[in-house]
1. Output yes when any residue across the range 80-94 is in a helix (DSSP H, G or I), modelled with pLDDT of 65 or more and closer than 30 Å to ASP265 by Cα, and no when none is.
2. So how many residues does the range 189-206 have that are in a helix (DSSP H, G or I) and either of a type outside the set (S, T, N, Q) or outside the structural domain of ALA261 (by TED's automatic domain parsing) (or both)?
3. Examine the range 207-228 for a residue that is closer than 28 Å to ILE154 by Cα, part of a helix (DSSP H, G or I) and basic (Lys, Arg), and state whether such a residue exists.
4. Scan (1) crowded, with 18+ Cβ neighbours inside 10 Å; (2) outside any helix (DSSP H, G or I) for the single condition GLY231 breaks and write down its number.
Amino acid sequence: MPRFRSPIVWVALVALGGCASKGDLRRVEEQLLLSRTETRRADSLRAAQLSEIIAGQRRIHDSLGGIGARVGALGGQLATVKGDMANDLISIQQQLVQIQALTGQSQQRLTELQTQLEARSEQLEAAPAPSPGVPPADTAGPAPQAGQPSAEQIYSTSLQQLRRGSPATARMGFRELLRLYPSHARVPDATYFVGETFAAEAPDSAAAYYTRVVETFPRSPRAASALYKLGLLAERRKDLEGARTFYSRVVREYATSDEAALARDRLKTLGR
């Protein structure tokens with residue numbers, strides 16, 4: 001409501017006083033007082049509302065300021081973390097390069113040794129050398145009977161079957177050689193390859209034949225290979241101590257063999 005504070009209003013009221021009764025004047029004054037009271041009350045309410053709005057804006061401003069500060073701090077931390085991660089990634093990449101280089105060297109060395117072993121195996125198969133305790137080929141057991149294959153024929157055919165991926169057929173041939181020609185120069189080779197036919201499917205049987213080669217024909221060229229294979233089988237069954245023992249024997253008892261170089265590499269890998 002309008003506030004009647006102008007002197008003109010009071011003059012008008014005085015002028016009207018002559019015509020109006022005292023009761024009328026009193027009612028006018030009461031209305032004026034009521035209007036002033038309501039105006040003050042409305043002004044006070046608006047002032048309180050305005051103060052509350054201003055306080056709310058200040059709280060929002062302060063909150064935004066705090067959020068901004070936290071966001072800034074998080075941004076700094078994120079930048080630090082990114083920097084650390086970048087440094088770690090570079091370090092890991094460098095280590096991977098070094099590992100790849102070392103692995104490549106080891107793989108190259110193993111490939112060379114494997115090639116040497118295969119070449120030596122082919123030489124042994126082409127011209128077997130009699131081992132101490134095993135008679136030469138020309139005096140090893142009885143001569144083949146009519147229609148019976150020779151020891152060399154059985155050995156060659158069985159070895160071909162093994163290389164073609166038929167270990168069961170090869171095993172039958174090698175065992176037949178051992179039965180027909182138990183004192184032949186090929187006996188250590190045949191015994192070793194019977195173990196090879198078991199290596200994938202029955203490691204315990206393979207270990208038994210490898211052990212027979214090592215114990216019965218310790219000076220045979222196959223003894224070092226059999227002893228090394230025993231180490232590999234021990235590794236496969238997680239017997240690391242046993243594997244170290246076999247590899248150490250290869251290095252000690254067959255120091256000049258190609259298997260000795262392979263055994264040294266395995267000992268380095270396992271840790272002495």
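1. Yes, because at least one residue in the range 80-94 is in a helix (DSSP H, G or I), modelled with pLDDT of 65 or more and closer than 30 Å to ASP265 by Cα.
2. The first filter runs over the range 189-206 and keeps only residues in a helix (DSSP H, G or I), leaving 189-198, 203-206.
If we keep only those that are either of a type outside the set (S, T, N, Q) or outside the structural domain of ALA261 (by TED's automatic domain parsing) (or both) as well, we get 189-190, 192-196, 198, 203-204, 206.
Residues in the range 189-206 being in a helix (DSSP H, G or I) and either of a type outside the set (S, T, N, Q) or outside the structural domain of ALA261 (by TED's automatic domain parsing) (or both): 11 in total.
3. Within the range 207-228, the subset closer than 28 Å to ILE154 by Cα is 207-228.
Then keep just the ones that are part of a helix (DSSP H, G or I); that gives 207-216, 221-228.
Still in the running and basic (Lys, Arg): 212, 222.
There is at least one residue in the range 207-228 that is closer than 28 Å to ILE154 by Cα, part of a helix (DSSP H, G or I) and basic (Lys, Arg).
4. The number of the failed condition is (2).
The values are calculated or read from the model by the stated rules, or taken from the named source; none is laboratory data. On a predicted model such as this, the values are computed, not experimentally measured, just so you know. Don't worry about glycine lacking a Cβ; one is built from the backbone with ideal geometry, like all the others, and counts go over all protein chains shown.
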